[in-house]
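Take a look at the structure below.
The values are calculated or read from the model by the stated rules, or taken from the named source; none is laboratory data. Here the structure is a predicted model, which is why all the values come from computation and not from measurement. Glycine gets a Cβ as well: all are built from the backbone with ideal geometry, and neighbour counts include every protein chain shown. Remember, those area values only see protein heavy atoms, side chains included, never the ligands or the DNA or RNA. Shrake-Rupley method; radii C 1.70, N 1.55, O 1.52, S 1.80 Å.
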Amino acid sequence: MLMDKRDRYTFAATFSEQKRFVGLPPDEFCLYVPLAMLAIFLNLWIFGPMLLAVVVGIRHLKKGRGSQYLLNLAYWCLPTSVMRFFISILPDSYKRHWVA
């Protein structure tokens, strides 16, 4: 009972601290967990190497940067039709000017 009252008031150490699910940032969680489930329940020989490639690829792309870096990279590199699924209110990347 005493532990429940203490856990109610836990706050992030910084404002930029990211929410995590099972110890993973949301972008990695959304990729790793479905592939792991497919590898476990369907076929380890197909989805296992695919999961390994995704883990290595995401770690290589991020290189210590946050999840917003992957979203920015996808926005600038992927076609508009793909990104419209994720970001509907931002303008197309070819119409947008880079503001630094």
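When you look at Ala39, is it touching a Gly at 6+ places or on another chain (Cβ under 8 Å), hydrophobic (A, V, I, L, M, F, W, C) and over 21 Å from Gln18 (Cα atoms), yes or no?
Judged against the criteria, Ala39 is a match.
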How about the stretch 34-68: which of its residues are closer than 20 Å to Phe86 by Cα, in contact (Cβ under 8 Å) with a residue 12 or more places away in the chain and either open to solvent by 40 Å² or more (accessible area, probe 1.4 Å) or not in a helix (DSSP H, G or I) (or both)? Leu61, Gly66
For the stretch 17-33, which positions are under 23 Å from Ile87 (Cα atoms) and without any contact (Cβ under 8 Å) to a residue 40 or more places away in the chain? Glu17, Lys19, Arg20, Phe21, Leu24, Glu28, Phe29, Cys30, Leu31, Tyr32, Val33
